[in-house]
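The values are calculated or read from the model by the stated rules, or taken from the named source; none is laboratory data. The model shown is predicted, which means the values in this text are computed figures rather than measured ones. Quick reminder, even Gly has a Cβ in these numbers, built from the backbone with ideal geometry, and neighbours come from all protein chains shown.
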Amino acid sequence: MKAFAQLFLSLDETNKTNEKVRILKDYFNSVPDADKMHMLALFTGRRPKRPINSTLVRNWAVELSNIPAWLFEESYHVVGDLAETMSLLMPENTSGSNKTLTEWVAEINEVAKRNEEERKLWLIESWMMLDRQERFVFNKLLTGSFRIGVSQNLVVKALAEVTGIEAATLTHRIMGSWMPETYSYEQLIQEQSTADDISRPYPFFLAYPIQETSEKRKTADDLEASLGQPAEWQAEWKWDGIRAQMIKRDGKIFIWSRGEDLSTEKFPELHPFLNALPDGTVLDGEILSFTNGLPMPFNVLQTRIGRKNLSKKILQDSPVAVIAYDCLEFEGEDIRTKTQAERRVILEQLQAATEYPEVFRISELIKFDSWAELETLREQSRAMIAEGIMLKRKNATYQVGRRRGDWWKWKIDPLSIDAVMIYAQKGHGRRADLYTDYTFAVWDGDKLVPFAKAYSGLTDQEINKVDYFVKRNTLEKFGPVRTVKPELVFEIGFEGINKSTRHKSGIALRFPRILRWRHDKKKEEADTLETLKALLDPVSPSPEEGS
Amino acid sequence: MAKPLLEFTDRGIYCEQGRFYIDPWKPVDDAVITHAHADHAYVGHKRYLAHHLSKEVLYYRLGEISLQTVEYGETVMKNGVEICLFPAGHVIGSAQIRISYKGEVWVVSGDYKTQDDGISTPFEPVACQHFISECTFGMPVYQWKEQAQIFSEINNWWCSNQQQGLLTVISGYSLGKAQRILQNLDLNIGPVFTHGVIENTNEALRRNGVILNPTTRITADTPKDEIRKGIILAPPSAIGTPWIRKFAPFSFGYCSGWMALRGAKRRRAADRGFILSDHADWDGLVSAIDATGCEKVYLTHGYTASFTRYLNEIGFDAREVHTLYGEEEEETSPNLTPPNLPGGEALKEYGNDSDRQVLPLGEDLGGVK
């Protein structure tokens with residue numbers, strides 16, 4: 001654990017990519033193989049199951065810290081990270097421990113089987129033998145996620161340099177549902193075939209955005225200059241659903257979402273068509289809710305995400321289908337190195353052969369002869385229930401991760417509105433103890449009605465300024481939330497808007513974010529609720545229906 | 001009930017009986033100054049009273065002022081009110097001000113720390129009935145380590161940078177932290193080069209008779225090769241400027257109490273963050289307040305709300321008061337630049353100028369994720 005704690009500390013102490021890779025390599029080169037796999041699991045989001053309910057962990061930490069519970073909570077708001085708060089508030093350790101990361105994870109898994117009293121005893125003993133830094137990573141293991149400012153790409157890069165195996169290959173090998181207890185370092189670095197783990201998905205290829213701002217839009221000429229001839233590209237609508245990879249191998253089916261969650265059971269409507277696919281087929285596409293052959297807005301699909309049990313009613317109200325747009329494996333062969341056009345032909349064949357064309361749909365190609373024509377077509381995105389247009393180079397391979405060059409997403413402008421900030425709350429992580437999460441309001445007569453919370457879109461400098469304003473213009477405090485003097489105006493962008501019975505404003509926004517700080521506007525010049533409601537799509541159903 | 005000896009006004013802490021202010025932020029006739037940081041020593045007062053060791057720094061920062069200086073423990077009478085200065089341990093020349101009149105005793109502590117930094121006269125608890133305290137770090141997550149341990153980390157880091165051929169830049173605000181760092185660097189490793197702002201303060205302190213380790217002011221003529229053999233001591237405001245970029249590549253270390261938290265450390269984006277503060281930590285604050293034996297304690301700046309609540313729960317009679325202190329570099333939390341608000345308008349205190357009503361909190365807000 002000492003090595004793992006030091007790894008954390010060292011990574012924290014630098015923001016230089018090369019330095020981070022060096023630190024990761026040092027770690028890989030100095031710890032036992034089992035620790036390497038555990039580290040890899042943790043850094044790719046494979047945390048051990050929580051052995052102790054986090055409320056209990058928190059309560060015992062408060063007890064050990066010998067401060068009132070409310071002060072513990074306030075401290076948490078200041079620190080912005082529970083694991084760190086606990087490690088700072090407990091008394092200094094009284095002894096030491098030389099257990100490895102693997103040994104600690106084994107203990108954590110083991111203690112889950114014991115009764116509450118034994119767990120408490122184990123936890124307090126463990127805390128008292130770890131120093132602050134070790135205790136912090138230990139608490140992370142117990143409670144938190146491992147978001148640590150190091151991307152999976154960086155970890156894979158370091159591992160690639162240590163093993164001499166290509167990064168793309170390693171990225172593929174660490175996909176899927178492996179556990180460090182059963183997947184050894186030796187297995188990882190050996191030659192492998194897909195047969196080793198029939199559920200293993202391929203890394204997703206992600207599109208790069210064509211950057212635009214509301215003031216500066218890309219023209220047809222700009223596109224021609226950076227992308228070349230339109231004939232080299234295929235265009236599709238950018239669907240607003242759940243990105244998924246669907247696998248049929250050895251008679252079994254697997255559905256993976258982009259977050260590497262195995263979601264096979266969440267989409268029973270897709271099972272018949274997947275079961276009917278030939279073995280050794282992997283499709284890439286978007287899962288959406290459909291009614292009468294038309295895609296529905298994302299908020300309809302949203303009502304069924306995260307539900308443990310899919311009731312009959314949900315399956316009736318928001319049945320899903322797939323819009324497939326790529327084929328990564330065919331007849332058991334990895335075809336990611338074939339061109340986009342070649343893969344498209346295979347995909348079309350597979351789709352033409354399906355008996356379930358209502359569920360296994362294909363992403364239609366948009367016909368266009370010039371960039372100017374495509375620009376005009378893009379205006380129809382909202383009517384198509386699409387977020388914009390996808391551009392894929394016809395001779396491109398299917399790559400790993402977000403790459404510039406061959407796949408582009410060209411989204412439509414977000415909807416936007418000018419709103420007044422009225423509440424502020426402190427952020428987490430890098431933004432701990434700074435007011436970074438804001439609630440915005442629009443005018444309804446002479447009242448400000450809150451309608452959205454947003455926290456991204458400002459620069460660090462702007463955040464500092466808003467933080468400074470909030471700290472000096474607080475009207476009231478409600479726990480972590482401050483009511484601030486309504487004065488600052490921001491332009492809020494969002495992807496969609498729906499009616500809502502849950503919110504006082506009567507509307508709910510999708511992906512609200514701050515586009516810019518309107519220094520030029522006074523609070524009286526902010527938009528009204530009426531303006532906001534005018535943006536409601538008259539046909540869009542309320543997300544509350546059926547929930 | 002008689003009027004209390006000190007009151008909190010919109011100009012600063014005021015003693016009506018003695019007709020003087022302590023650390024006022026608007027121009028007054030008579031100002032008693034706890035220490036020379038900008039949020040405590042404002043320009044524009046007719047007469048200043050401060051500690052001897054603040055003299056040259058005050059002249060340097062405020063220009064020609066009418067200044068009387070005294071020693072710790074020395075008594076000055078103003079209109080029958082007794083004023084006496086005691087060490088606050090915050091920076092060189094920082095003082096707690098004891099004010100007594102007819103048996104009523106108040107202590108204004110200004111900023112203070114209970115740790116002995118080896119360069120400021122160490123903090124002394126002063127018995128009083130009313131104690132006015134800061135609480136910049138008034139949360140239990142702030143607990144300082146021994147300074148010897150921190151400086152051994154700093155010297156090791158400098159040493160290892162030097163072995164890698166990397167220049168070292170360390171930052172701390174110009175009055176206080178800079179001298180504390182300077183006096184604790186291991187000069188066997190190399191010489192110390194200073195940014196002009198820090199060197200001006202060093203010179204003022206030297207004029208005041210303070211003995212500091214040797215430093216070299218960086219000027220346009222200072223050879224870069226020479227500088228690379230040593231360490232650069234720069235104020236936080238110099239970080240990220242073209243001035244400092246000339247010296248790249250270097251490793252940048254930042255010394256502040258805020259570095260105790262990962263979030264702040266990451267935000268600062270320093271190569272190394274060292275937990276070193278000139279303010280009292282949690283235990284320091286609680287023990288300092290306890291040691292005064294005071295009946296009432298007033299919290300001026302920092303985590304006032306929660307610290308007040310905590311003190312009341314453990315048996316003190318504590319209350320929050322509003323002041324404009326807490327604008328000194330370390331106190332304004334680890335932001336990259338001093339904030340500069342649009343139009344200056346936002347800085348105004350909130351008044352009843354709004355005829356429009358904000359809805360109360362209490363509902364789940366829009367924003368589907």
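Tabulated values for the structure
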read-out: Any hit, the range A:409-417, residues being surrounded by 19 or more Cβ atoms within 10 Å (Cβ to Cβ) and within 9 Å of chain B (Cβ to nearest Cβ); value: no
read-out: Failed condition for B:Ser160, given (1) of a type in the set (Ser, Thr, Tyr); (2) in contact with a helix residue (DSSP H, G or I) (Cβ under 9 Å, 6 or more places away or on another chain); (3) more than 15 Å from B:Thr215 (Cα to Cα); value: (2)
read-out: Conditions (1) of a type in the set (Asp, Glu); (2) in a loop (DSSP other than H, G, I, E, B); (3) under 28 Å from B:Gly172 (Cβ atoms): number failed by B:Asp10; value: (3)
read-out: Residue check, A:Val57 in contact with a Leu (Cβ under 7 Å, 6 or more places away or on another chain) and assigned to a helix (DSSP H, G or I); value: yes
read-out: Hey, B:Gln17 within 22 Å of the chain's Cα centre (by Cα) and assigned by TED's automatic domain parsing to the domain that holds B:Val286 or not; value: no
read-out: Meets criteria (in a helix (DSSP H, G or I), within 7 Å of chain B (Cβ to nearest Cβ) and of a type in the set (Lys, Arg)) for A:Lys504; value: no
read-out: In the range B:20-55, the residues that are within 21 Å of the chain's Cα centre (by Cα) and assigned to a strand (DSSP E or B); value: B:Tyr21, B:Ile22, B:Ala31, B:Val32, B:Tyr48, B:Leu49, B:Ala50, B:His51
read-out: In the range A:421-440, the residues that are in contact with a helix residue (DSSP H, G or I) (Cβ under 9 Å, 6 or more places away or on another chain) and either facing chain B (nearest Cβ under 9 Å) or among the polar types (S, T, N, Q) (or both); value: A:Gln425, A:Gly427, A:His428, A:Gly429, A:Arg430, A:Arg431, A:Ala432, A:Asp433, A:Leu434, A:Thr436
read-out: In the range A:56-68, residue surrounded by the fewest Cβ atoms within 10 Å (Cβ to Cβ) [restricted to those that are over 13 Å from A:Lys120 (Cβ atoms) and not aliphatic (A, V, I, L, M)]; value: A:Asn66
read-out: Every residue from the range A:50-84 that is without any contact (Cβ under 8 Å) to a residue 60 or more places away in the chain and either polar (S, T, N, Q) or facing chain B (nearest Cβ under 7 Å) (or both); value: A:Asn53, A:Thr55, A:Asn59, A:Ser65, A:Asn66, A:Ile67, A:Pro68, A:Leu71, A:Glu74, A:Ser75, A:Glu84
read-out: Meets criteria (of a type in the set (Gly, Ala, Ser), within 20 Å of B:Asn208 (Cα to Cα) and surrounded by fewer than 19 Cβ atoms within 10 Å (Cβ to Cβ)) for B:Gly44; value: no
read-out: Yes/no for B:Glu153 being among the acidic types (Asp, Glu) and either closer than 24 Å to B:Ala270 by Cβ or without any contact (Cβ under 8 Å) to a residue 24 or more places away in the chain (or both); value: yes
read-out: Wholly enclosed strands (runs of 3 or more DSSP E) of the range A:346-446 bearing at least 1 residues in contact with a strand residue (DSSP E or B) (Cβ under 9 Å, 6 or more places away or on another chain) and more than 30 Å from A:Phe469 (Cα to Cα); value: A:360-362, A:386-393, A:407-411
read-out: Any chance A:Ala41 is within 30 Å of A:Arg482 (Cα to Cα) and either aliphatic (A, V, I, L, M) or more than 12 Å from chain B (Cβ to nearest Cβ) (or both); value: no
read-out: Helices (runs of 4 or more DSSP H) lying entirely in the range B:243-339 (those with 2 or more residues that are within 14 Å of chain A (Cβ to nearest Cβ), crowded, with 20+ Cβ neighbours inside 10 Å and modelled with pLDDT under 90); value: B:262-268
read-out: Check on A:Thr100, within 25 Å of the chain's Cα centre (by Cα), surrounded by 15 or more Cβ atoms within 10 Å (Cβ to Cβ) and not basic (Lys, Arg); value: no
read-out: Tally of residues being under 23 Å from the mean Cα position of the chain (by Cα), surrounded by fewer than 17 Cβ atoms within 10 Å (Cβ to Cβ) and among the small types (Gly, Ala, Ser) across the range A:168-198; value: 2
read-out: Selected residue (only one of B:Leu62, B:Leu58, B:Leu6, B:Leu67 is touching a Cys at 6+ places or on another chain (Cβ under 7 Å) and either crowded, with 16+ Cβ neighbours inside 10 Å or in contact (Cβ under 8 Å) with a residue 12 or more places away in the chain (or both)); value: B:Leu6
read-out: Any chance A:Leu88 is in a helix (DSSP H, G or I) and more than 14 Å from every other protein chain (Cβ to nearest Cβ); value: no
read-out: Among the residues listed as B:Ile154, B:Ile92, B:Ile170, the single one being modelled with pLDDT of 95 or more, part of a helix (DSSP H, G or I) and closer than 30 Å to B:Gly230 by Cα; value: B:Ile154
read-out: Residue in the range A:458-465 that is without any contact (Cβ under 8 Å) to a residue 24 or more places away in the chain, within 7 Å of chain B (Cβ to nearest Cβ) and polar (S, T, N, Q) present; value: yes
read-out: Pairs, first within 13 Å of B:Ile132 (Cβ to Cβ) in the range B:277-296, second of a type in the set (Val, Ile, Thr) and outside any loop (DSSP other than H, G, I, E, B), C-beta under 8 Å, six or more apart; value: B:Ile289/B:Val297; B:Thr292/B:Val107; B:Cys294/B:Val107
read-out: Some residue of the range A:81-93 being at pLDDT 95 or above and charged (D, E, K, R); value: no
read-out: Subset of the range A:466-509 (residues that are among the aromatic types (Phe, Trp, Tyr) and in contact (Cβ under 8 Å) with a residue 12 or more places away in the chain); value: A:Phe469, A:Phe490, A:Phe494
read-out: In the range A:284-338, residue farthest from the other protein chains (Cβ to nearest Cβ) [restricted to those that are basic (Lys, Arg) and in a helix (DSSP H, G or I)]; value: A:Lys312
read-out: Search result, residues across the range B:208-227 that are over 27 Å from the mean Cα position of the chain (by Cα) and crowded, with 19+ Cβ neighbours inside 10 Å; value: B:Ile227
read-out: Residue in the range A:150-165 that is farther than 20 Å from A:Asp33 by Cβ, in the same structural domain as A:Val300 (by TED's automatic domain parsing) and modelled with pLDDT under 90 present; value: no
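Matching residues to (1) outside any loop (DSSP other than H, G, I, E, B); (2) within 14 Å of another protein chain (Cβ to nearest Cβ); (3) in contact with a helix residue (DSSP H, G or I) (Cβ under 7 Å, 6 or more places away or on another chain):
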residue: B:Asp116; (1), (2), (3): no, no, no
residue: B:Ser120; (1), (2), (3): no, no, no
residue: B:Pro125; (1), (2), (3): no, no, yes
residue: B:Cys128; (1), (2), (3): no, no, yes
residue: B:Ser133; (1), (2), (3): yes, no, yes
residue: B:Phe137; (1), (2), (3): no, yes, yes
